[in-house]
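Input: a single structure, listed below in structure tokens.
The values are calculated or read from the model by the stated rules, or taken from the named source; none is laboratory data. Just so it is clear, the structure is predicted and the values come from calculations on it, not from any experiment. Cβ coordinates were reconstructed from backbone atoms using ideal geometry, including for glycine residues, and neighbour counts include every protein chain displayed.
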Amino acid sequence: MMRRALFLLPVALFLALAGYFALALRPDRDPQALPSALIDKPAPAFTLASLDGGGNLSSDGLKGQVVVVNFFASWCVPCRIEHPLLMRLATQERVPIYGIAYKDKPEDSRRILAQLGDPYRGTGVDRDGGTGFDFGVYGVPETYVIDRSGHIRQRFVGPLTAEVVEKELLPLLKQLNRS
Amino acid sequence: MIVEIGHFALILALVVAIVQAALPLAGAARGNVAWMEVGRSTALAQFLLMAIAMAALMHAYVTSDFTVVNVIENSHTDKPLLYKITGVWGNHEGSMLLWVFILSLCGAAVALFSNNLPPALRARVLAVQGMIGTGFLLFILLTSNPFLRELPPPLNGRGLNPVLQDPGLAFHPPFLYLGYVGFSVSFCFAVAALIEGRVDSAWARWVRPWTLASWCALTIGIAMGSWWAYYTLGWGGWWFWDPVENASFLPWLVGTALIHSAIVVEKRDTLKSWTVLLAIITFSLSLVGTFLVRSGVLTSVHAFAVDPARGSFILLLLLVAIGGSLALYAVRAPALKGGGLFAPVSREGALVLNNLLLSTGAATVFLGTLYPLFLDAVGGPKLSVGPPFYNKTFVPLMVPVLVAVAAGPLLAWKRGDLLGALQRLWAAFAAAVVVVLGALYVTSGGPVLAVLGLGLAAWTFVGVLAEWTERLKLFRIPARDSWRRARNLPRSAHGMTLAHLGLAISVAGIAASAFEVEHIDIVAPGGDLPLAGYTLHLDKVEKLQGANYVADDATITVKRGDAVIAVVHPQRRFFPLQQQTTSETAIRTNFLADLYIALGEPDQAGGWTIRAYWKPLVPWIWIGAVFMAFGGVVSLSDRRWRVGVASRLRAPAAQAAAGD
């Protein structure tokens, strides 16, 4: 009997896996824009050492303006895909983007920014990923929109695409800046 | 017109696949030979039809037929011809077509080279192959049809992602799919054996070459992908533990386990139900990989366009194929009787250890890949799994694998002498110690784990060579007699030696990457950048016009002291159509180390960011992979697998020469 049960194990495990896959496919779950439990809630407080060595990047310091906070890492390949978009947002649209280097050695983050260009007005070092954990970061890159009062208004999981930027990010920023 | 012929051939292939799935199976159940034989003709017909469909789509790409939606979205008249052709599989629809084309190729190969197979087994194998084909052809026709038209046609296409316009990546998918889909043959054999309720050494002798061939193709495919990432992403990394990379690595790991456990079935007629399970899981992981890449449940650079309908369809296919085969396994496998007994310390025991470690390693990678998905599904905290996870879990599991690779082949079947084997490995142990001490001296106490990794590679390399020289009695008997022994040794033994040497070479390359030296700085034309004893002199940066891009082309003279070693040209290419920049790195190798130079952004003062790396032993990673694949090919040429030999060796293979 035990022996039979052992042979049932593979198919049972597979069915459990298929169940997870089905959950992952449910239509309201969009992996590109996972709803955050923190939407419309105050952003978690953080104070991070600045990547360039001068001062800190803190949640309090960002208050009073509508900002985009982008979690990135030098070891993250999708970050390189969205990087040109961030550069365009920073230079052409003048969007204030702040970077948080997630679980990354500061020298590696500095290197990648030196090499590709730095779209960030300021970058904080989240060496152990604690701030990322507070935000509920699922994987880098991840991008948050935070309003003047410090509330998270939107979350984008995975690399930003030109379409998301045009249709969602820029309209949202415009609306938040007007109000 | 040609597009419609392709479309029609695809529909016809579906009809043929349905016949192939049903009739031979019924024939095998009733003992109707004529029905069984339908399997062969339908398999060949399916291959022919898929070839027509493939050729039709290729024709549309080469002639830039912009009435076809797929061509509009992925091609452009300015694209070089090579990338017009390879662009066929640079997108979701076309790559699925390639997937099924290769499936039909495997089916045709089974039909052609299976004269010695019992007709009922052959019919069942081809029928299962037909079922898989039916599922995926339905998938293409219903959700991902590459032959859809759009009228009126636009003036030009949207072009292929510039990152994909690269010779390394152009041929990466065909090899990868040859591996993925090739494993379907082992899967079909496993399912057919479960239906028949019989697994014997003749079965293993049939399955192993197919598995080995697929494994070789997958090895090359993965190595090509990693090499592409290395030279094209411009910062010297070659493996990122990205979900899609893992999706190709998982079937490789389990497929490697399968190759080894099939040996035990062939030689000793035991471990049967485990081997059947591995054969099912290997292909199942290929299918799961397809699901992960194409359903968009995980985010990855490689992911294709996301469409929930496709995801649901593939999930349905997974349920039928994997769920069905594993359910069949649960019902039929308990009846498979194991054969020969063996002591824990024996060749069988070593192969079981190999299997345990490889499958645990695969489970670790699987968990790491899907962990974010699992947690998210139950609404748990959101975590991310990066390279640190794999370094702490997967890498330690591979250490005992390497230790065992040297010792395993020295153990006898049934009951081995571990002490004796270890005594014969004194040279390997000495080599490991020398390499560790040497590396510590040269790097003045550099990273300890990397140094140990090098020592482990030396242990494996010398240990594998020791086993080989022992078989030839090299240096102990006259050279001519050793030569005779080498010629009499089965090719599969030489193949094993080559593949294991390749593993050691790759491991050395991976371990040594910890010793790399990098120097990144802004250099003005005329300036120098020192790197690991070399001087890189930036002569100039010019604008060049390419076929569909504009390039900044740097001329850099590499000097050692005053001697000029090389002049290299790293480039940054800008593709105006896609508004995207790619990096063409310059790599100068002497096979012991790479000089890796990439051109970065210019600054306002006329300087350029130059990223330069000195990477010791890095080329060995891919050289090792080529050795592994070559070892597989040598093993495949073994005479006992050639057409017509299998039937003459139907008797239990105990006398096969490899184990003497």
Requested in this report: Output yes when any residue across region B:219-240 is hydrophobic (A, V, I, L, M, F, W, C) and within 27 Å of B:Arg347 (Cβ to Cβ), and no when none is.
Outcome: no
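What number of residues in region B:498-520 are buried (at least 18 other Cβ atoms within 10 Å of the Cβ) and under 30 Å from A:Gly117 (Cβ atoms)? Write out each step before concluding.
First, pick out the residues of region B:498-520 that are buried (at least 18 other Cβ atoms within 10 Å of the Cβ): B:498-513, B:515, B:520.
Cutting the leftovers down to under 30 Å from A:Gly117 (Cβ atoms) gives us B:513, B:515, B:520.
Residues in region B:498-520 being buried (at least 18 other Cβ atoms within 10 Å of the Cβ) and under 30 Å from A:Gly117 (Cβ atoms): 3 in total.
Considering only residues that are of a type outside the set (D, E, K, R) and in contact with a Phe, Trp or Tyr (Cβ under 9 Å, 6 or more places away or on another chain), look in region B:148-160 and name the one that is surrounded by the fewest Cβ atoms within 10 Å (Cβ to Cβ). Give the derivation first.
Just the residues of region B:148-160 that are of a type outside the set (D, E, K, R), to begin with: B:148, B:151-157, B:159-160.
If we keep only those that are in contact with a Phe, Trp or Tyr (Cβ under 9 Å, 6 or more places away or on another chain) too, we end up with B:153-157, B:159-160.
Working: B:Pro153: 16, B:Pro154: 10, B:Leu155: 7, B:Asn156: 14, B:Gly157: 25, B:Gly159: 23, B:Leu160: 25.
Out of the qualifying residues, it is B:Leu155.
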Requested in this report: Please go through region A:120-147 and pick out each residue that is more than 12 Å from chain B (Cβ to nearest Cβ), touching a Leu at 6+ places or on another chain (Cβ under 9 Å) and under 26 Å from A:Leu170 (Cβ atoms).
Outcome: A:Tyr120, A:Gly122, A:Thr123, A:Gly124, A:Thr131, A:Thr143, A:Tyr144, A:Val145, A:Ile146, A:Asp147
Requested in this report: Considering only region A:82-116, state which residues are of a type in the set (Val, Ile, Thr) and over 14 Å from the mean Cα position of the chain (by Cα).
Outcome: A:Thr91, A:Val95, A:Ile112
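Do we have any residue at all in region A:158-170 that's among the charged types (D, E, K, R), more than 11 Å from chain B (Cβ to nearest Cβ) and either touching a strand residue (DSSP E or B) at 6+ places or on another chain (Cβ under 9 Å) or under 19 Å from A:Lys41 (Cβ atoms) (or both)? Don't jump to the end; show me each part of the working.
Of all residues in region A:158-170, those among the charged types (D, E, K, R) come to A:163, A:166-168.
Subset that is more than 11 Å from chain B (Cβ to nearest Cβ): A:163, A:166-168.
Next cut, either touching a strand residue (DSSP E or B) at 6+ places or on another chain (Cβ under 9 Å) or under 19 Å from A:Lys41 (Cβ atoms) (or both) only: A:168.
Yes, region A:158-170 has at least one match.
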Requested in this report: Return the residue satisfying two criteria in turn: it lies in region B:438-454 and is surrounded by fewer than 23 Cβ atoms within 10 Å (Cβ to Cβ) and either at pLDDT 90 or above or of a type in the set (S, T, N, Q) (or both), and of such residues it is nearest to B:Arg347 (Cα to Cα).
Outcome: B:Leu452
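Here is a yes/no grid of residues against (1) of a type outside the set (Phe, Trp, Tyr); (2) modelled with pLDDT of 85 or more:
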position: B:Leu353; (1), (2): yes, yes
position: B:Gly368; (1), (2): yes, yes
position: B:Leu375; (1), (2): yes, no
position: B:Gly379; (1), (2): yes, no
position: B:Gly386; (1), (2): yes, no
position: B:Phe389; (1), (2): no, no
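Please go through region A:35-56 and pick out each residue that is in a loop (DSSP other than H, G, I, E, B) and away from chain B (no Cβ under 14 Å).
Within region A:35-56, the first condition is being in a loop (DSSP other than H, G, I, E, B), and the residues that meet it are A:35-41, A:43-46, A:51-55.
If the condition is that a residue be in a loop (DSSP other than H, G, I, E, B) and away from chain B (no Cβ under 14 Å), then A:Asp40, A:Lys41, A:Ala43, A:Ala45, A:Phe46, A:Leu51, A:Asp52, A:Gly53, A:Gly54, A:Gly55 are the ones that fit.
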Query - Subset tally (residues that are at pLDDT 95 or above and of a type in the set (S, T, N, Q)) for region B:98-137 - result: 3
Requested in this report: Could you please find all residues in region A:77-119 being hydrophobic (A, V, I, L, M, F, W, C) and within 12 Å of another protein chain (Cβ to nearest Cβ)?
Outcome: A:Val77, A:Cys79, A:Ile81, A:Leu85, A:Met87, A:Ile112, A:Leu113, A:Ala114, A:Leu116
Requested in this report: Determine whether region A:57-76 contains at least one residue that is of a type in the set (Ser, Thr, Tyr), part of a helix (DSSP H, G or I), within 14 Å of another protein chain (Cβ to nearest Cβ) and within 29 Å of B:Ala229 (Cβ to Cβ).
Outcome: no
